[in-house]
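Worksheet: one structure, shown below.
The values are calculated or read from the model by the stated rules, or taken from the named source; none is laboratory data. Being a predicted model, the structure only gives us computed values, none of them experimental. Cβ: placed from backbone, ideal geometry, glycine included. Neighbour counts: every protein chain shown.
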Amino acid sequence: MNREIGQRLFLSEETVKSHVRHLLAKLQARSRAHAVAVGMRRGLVA
């Protein structure tokens, strides 16, 4: 998944991993799915 995201955004896979790691930490989420749920609850995701 990170590779695909990186290719679409012209970023390295490691950069995507780093961004995801920081996002999960900021949201205190355990997974990408949990991050989406937290984001929706907080009104960050429509």
- Query: Does V45 qualify as being assigned to a loop (DSSP other than H, G, I, E, B) and surrounded by 10 or more Cβ atoms within 10 Å (Cβ to Cβ)?
  - Reply: yes
- Taking the range 10-26 and the residues there that are in a helix (DSSP H, G or I) and among the small types (G, A, S), the one that is farthest from G39 (Cα to Cα) would be S18
- Task: Identify all residues within the range 1-29 that are under 20 Å from M40 (Cβ atoms), small (G, A, S) and either surrounded by 15 or more Cβ atoms within 10 Å (Cβ to Cβ) or touching a residue at least 12 places away in the same chain (Cβ under 8 Å) (or both); write none if there are none.
- Result: A29
- Residue check, E13 in contact with a Lys or Arg (Cβ under 9 Å, 6 or more places away or on another chain) and at pLDDT 95 or above: yes
- Message: Please count how many residues of the range 28-42 are among the small types (G, A, S) and not in a loop (DSSP other than H, G, I, E, B).
- Response: 4
- Message: If I ask for residues that are surrounded by 11 or more Cβ atoms within 10 Å (Cβ to Cβ) and of a type in the set (S, T, Y), which ones from the range 30-42 would you list?
- Response: none
